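K.L.:
What follows is a structure written as structure tokens; I'll ask about it next.
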Amino acid sequence: MTWVKRIIKLAPIKSIAFERVKFDIQKLENPSIEGIEYQQGTLQGYTLREALLEHWGRKCAYCDAVNVPLEIEHIRPKSQGGSDRFNNLTLSCQRCNQNKSNQSIDEFLKNDPVRLDNIKRHQKQSLRDAAAVNSTRNKLFDSLKSFNIPAYCGSGAYTKMMRIKSNLPKTHFIDAGCVNALQEVTLKTIQPLRVKCNGHGNRQFVTMDKHGFPRSCYAPKHVRKDWKAGDIIKVKKKDGTSVLGRVKKAAKTLIFIPFRGKETSFSPKNTKPIHRSDGYRYSFTTIDSELLQKIAT
């Protein structure tokens, strides 16, 4: 909601599109459940295959092949007691699926221990993210409607349909543009802005030992009221040129990290603010050449 408020202040927003998806966790964990055991009725939202594609990165788990037909694969074969639960399923290309056959994952990847360890760790990941989406989606949509701006919701299946109809590749920022779209989507940018929450640092005065007692005395810091760590500033050098960078430490002199160059220090008199630290880190997402080629065609 914080970012919705920020964007409304910066741009004339006419409507809000929201993808109100629902993960059927019971069906994901046990696809064969039916009858009286399954109390929720018809499966809605993401299907099992879509959930597996998201969970395993839309590539073969055994050879990292992409842009090929992927088959649902049992990590522990059913002939060895494996189940149809979500955490026993992965995706593989046809060649790897045939080569693995009914071998155990340990036997099939005995010569690739790194990949074996990655698959096992990925296999143990829970569905807590899906549960969080299910529990907050309605409340989030109601909060969006409180801005007195027309808010519309769509499904994950509709988003995928519009992305395929627009002949666009699968990425998060492209999916965001296809949510509840009424016509084919045309991209106006291929370099989205990535925002990462870093917080405002640590407010702990002293470090503690394992018993909870302070290790040292509190040493007051030289805090400046005009600058703080994380601010983006422009520094004017003695030769008249200017350089952009980020404040690492704000004391009597500014410890400054330029975007191009080595860490140095400057007097605050020769600086100009560009962006105040707000607890977020901003960067442009790097677009690979294959994605650029797909968008161009």
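The values are calculated or read from the model by the stated rules, or taken from the named source; none is laboratory data. Everything numeric in this text was worked out from a predicted model, so none of it was measured. For neighbour counting, all protein chains shown are included, and Cβ atoms are generated from backbone atoms with ideal geometry for every residue, glycine included.
K.L.:
Which residues, taken from the stretch 157-180, are on the phi > 0 side of the Ramachandran plot and in contact with a Gly (Cβ under 7 Å, 6 or more places away or on another chain)?
P.N.:
If the condition is that a residue be on the phi > 0 side of the Ramachandran plot and in contact with a Gly (Cβ under 7 Å, 6 or more places away or on another chain), then ASN180 is the only one that fits.
K.L.:
Search the stretch 67-87 for residues being crowded, with 16+ Cβ neighbours inside 10 Å and either touching a strand residue (DSSP E or B) at 6+ places or on another chain (Cβ under 6 Å) or of a type in the set (Asp, Glu) (or both), and hand back the single one that is modelled with the lowest pLDDT.
P.N.:
GLY82
K.L.:
I've got another one for you. Mind checking whether some residue in the stretch 123-142 is within 12 Å of GLU19 (Cβ to Cβ), out of contact with any Cys (no Cβ under 8 Å at 6 or more places or on another chain), outside the structural domain of LEU48 (by TED's automatic domain parsing) and acidic (Asp, Glu)?
P.N.:
No: the stretch 123-142 contains no residue that is within 12 Å of GLU19 (Cβ to Cβ), out of contact with any Cys (no Cβ under 8 Å at 6 or more places or on another chain), outside the structural domain of LEU48 (by TED's automatic domain parsing) and acidic (Asp, Glu).
K.L.:
Would you please name the residue that is farthest from the chain's Cα centre (by Cα), looking only at residues in the stretch 233-245 that are within 13 Å of PRO268 (Cα to Cα) and surrounded by fewer than 19 Cβ atoms within 10 Å (Cβ to Cβ)?
P.N.:
Filtering first and then ranking leaves LYS237.
K.L.:
Name every residue in the stretch 161-193 that is closer than 20 Å to GLY57 by Cα, part of a helix (DSSP H, G or I) and either in the same structural domain as ASN67 (by TED's automatic domain parsing) or in contact with a Cys (Cβ under 8 Å, 6 or more places away or on another chain) (or both), in order of residue number.
P.N.:
ARG163 - this is the single residue of the stretch 161-193 that is closer than 20 Å to GLY57 by Cα, part of a helix (DSSP H, G or I) and either in the same structural domain as ASN67 (by TED's automatic domain parsing) or in contact with a Cys (Cβ under 8 Å, 6 or more places away or on another chain) (or both).
K.L.:
Hey, can you tell me all the residues within the stretch 79-98 that are free of Cβ contacts under 8 Å to residues at least 12 places away in the same chain and closer than 21 Å to PRO69 by Cβ?
P.N.:
GLN98
K.L.:
Let me ask something else about it. Among TYR62, TYR46, TYR38, which is more than 20 Å from the chain's Cα centre (by Cα), hydroxyl-bearing (Ser, Thr, Tyr), at pLDDT below 70 and surrounded by 12 or more Cβ atoms within 10 Å (Cβ to Cβ)?
P.N.:
Just a single option satisfies the conditions, and that option is TYR38.
K.L.:
Between residues in the stretch 107-121 that are without any contact (Cβ under 8 Å) to a residue 60 or more places away in the chain and assigned by TED's automatic domain parsing to the domain that holds THR90 and residues that are hydrophobic (A, V, I, L, M, F, W, C) and not in a helix (DSSP H, G or I), which pairs lie under 6 Å by C-beta distance while being six or more apart or on different chains?
P.N.:
Hits for this filter: ARG115/LEU109; LEU116/LEU109; ILE119/ALA61.
K.L.:
Sort out which residues of the stretch 49-59 are within 11 Å of LEU89 (Cβ to Cβ), buried (at least 17 other Cβ atoms within 10 Å of the Cβ) and not hydrophobic (A, V, I, L, M, F, W, C), and write them in order of number.
P.N.:
HIS55
K.L.:
Then there is this: Within the stretch 65-88, count every residue that is of a type outside the set (D, E, K, R), over 28 Å from the mean Cα position of the chain (by Cα) and farther than 19 Å from ARG115 by Cα.
P.N.:
5
K.L.:
Continuing with this model, one more query. Look through THR171, THR159 and report the one residue that is modelled with pLDDT of 85 or more and under 16 Å from GLU54 (Cα atoms).
P.N.:
THR159
K.L.:
What are the pairs, 6+ residues apart or on separate chains, where a residue within the stretch 269-283 that is under 14 Å from ASP226 (Cβ atoms) has its Cβ under 7 Å from a residue that is assigned to a loop (DSSP other than H, G, I, E, B)?
P.N.:
PRO273/ASP231; ARG276/ASP231; SER277/LYS228; SER277/ALA229; SER277/GLY230; SER277/ASP231
K.L.:
Continuing with this model, one more query. Restricted to the stretch 144-156, and to residues that are at pLDDT 85 or above and either among the charged types (D, E, K, R) or part of a helix (DSSP H, G or I) (or both), which residue is surrounded by the fewest Cβ atoms within 10 Å (Cβ to Cβ)?
P.N.:
LYS145
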